[in-house]
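Asker: One structure coming up, written as structure tokens, with questions to follow.
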Amino acid sequence: MKPLVITTLLLMAATANAAIADTTASQLRAAAEQAARAQYGGAGNRVVIMPTPLNPRLHLAACPHALQTRLPNLQGTPSRVAVAVSCSGSPGWTIQVPVQMQVFRQVLVTSHPLARGDIPGPADVHTEERDVTRLGYGYITSLDELTGHSLARPLIAGAVLEPGDLNGRQTVRAGEEVALIADLDGIEVRASAMALDGGDTGAHLRVRNGNSGKIIDGIVIAAGQVQALP
């Protein structure tokens, strides 16, 4: 075989070995993106990865095993996360690979303007797909989460419902007829009354005695029951 041919073959083999020896930027990025999808692509989520280029001149030794990944323990759903991609071979290495993403999910959105104190129901809300990485104050996905809750503030049409928009669950609602219970010298006395406010168990509110018309301060002790305060 001619010397020129031998030299060419040796150069080709060296180039091939160098390519095999390196863990490429695309391999690192693929491992990091797969880990992010596994972490945040749960049921009902649609993950969109935004391209994040790595230095094409990055050279890391080939890994004899599958690349390992580790995500930080973060609250909520971030739009950017640094995934630790590592090789446990010898010599081992670890590199932080940034992943930028959007996570879309069906959330509850108001169908029309709502006032403070309204109790939203199926006619007041609908679902829309939104990027939850941009919803830093949280979101609501189910009508069950609204049951018994009134709004703590007014909302415009198209607003994403957040947990902070809701007052506590109401076991007694304003305008509802309740049983007013009073303790008179150890004797329990019951009367019909109308709640002037709403609230959950333990909430203080006012009721109007159905017999005397007197307004009495009370505390909610159960659904439809208010204990008169001394």
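Asker: With every protein chain in place, what's the accessible area of S111 (1.4 Å probe, Å², nearest 10)?
Answerer: Number for this one is 50 Å².
Asker: If only Cα atoms are counted, what is the Rg of the range 72-182, and what is its Dmax, in Å?
Answerer: Spelled out, the Cα radius of gyration and Dmax of the range 72-182 are 21.0, 78 Å.
Asker: While we're on this one: With every protein chain kept in the model, how would you rank S90, S142, S212 by accessible area, 1.4 Å probe, largest at the top?
Answerer: Of S90, S142, S212, the descending order of accessible area is S90, S212, S142.
Asker: Note down the nm distance, to one decimal, between modelled labels 7 Å out along Cα→Cβ at A30 and at L184.
Answerer: In this crude spin-label approximation the distance works out to 8.3 nm.
Asker: Expressed as an acute angle from 0 to 90° and rounded to the nearest 10, what is the orientation of the C-alpha long axis of helix 25-40 relative to the principal long axis of the chain?
Answerer: With rounding to tens, the tilt is 20 degrees.
Asker: Could you tell me the accessible area of I221 in Å² (1.4 Å probe, neighbours in place), rounded to the nearest ten?
Answerer: For I221, the solvent-accessible surface is approximately 70 Å².
Asker: In the range 90-139, what percent of the accessible surface is made up of carbon and sulfur (1.4 Å probe, ligands and nucleic acids excluded)?
Answerer: Result for the range 90-139: 48 percent of the exposed heavy-atom area is carbon or sulfur.
Asker: In degrees, nearest 10, range 0 to 90: what is the angle between the Cα axis of helix 3-21 and the longest Cα principal axis of the chain?
Answerer: 20
Asker: So, for the range 28-118, what is the accessible surface per residue at a probe of 1.4 Å, expressed in square angstrom?
Answerer: 58
Asker: Same structure again: Quick check on the chain: helices-only [θ] at 222 nm, where DSSP H runs of length 4 and up contribute -39,500 (n - 2.57) each and the sum goes over total residues. Nearest 500, please.
Answerer: Calculated from helices alone, the mean residue ellipticity at 222 nm is -5000 deg cm²/dmol.
Asker: D for the chain, whole µm²/s, Stokes-Einstein with Kirkwood Rh over alpha-carbon pairs at 10 °C and 1.306 mPa s: what number?
Answerer: Answer, rounded: 69 µm²/s.
Asker: Let me ask another. I'd like the Karplus ³J(HN,Hα) series for the range 42-53: coefficients 6.51, -1.76, 1.60, θ = phi - 60°, whole numbers in Hz, and an x wherever there's a Gly or Pro.
Answerer: Whole-Hz 3J(HN,Hα) from phi for the range 42-53: x, 4, x, 9, 10, 9, 10, 8, 8, x, 10, x.
Asker: Can you give me the % of accessible surface on the range 144-197 that is carbon or sulfur? Probe 1.4 Å, all protein chains present, nothing else counted.
Answerer: It is 54 percent, rounded to a whole number.
Asker: Enter the accessible area per residue of the range 119-230 (Å², integer; probe 1.4 Å; all protein chains in place).
Answerer: 56
The values are calculated or read from the model by the stated rules, or taken from the named source; none is laboratory data. Here the structure is a predicted model, which means the values were calculated and not measured. Using ideal geometry, Cβ is built from the backbone for each residue, glycine included, and neighbour counts are taken over all protein chains shown. Each accessible area value is taken on the protein alone, full model and side chains, heavy atoms only, with ligands, DNA and RNA left out. Shrake-Rupley method; radii C 1.70, N 1.55, O 1.52, S 1.80 Å.
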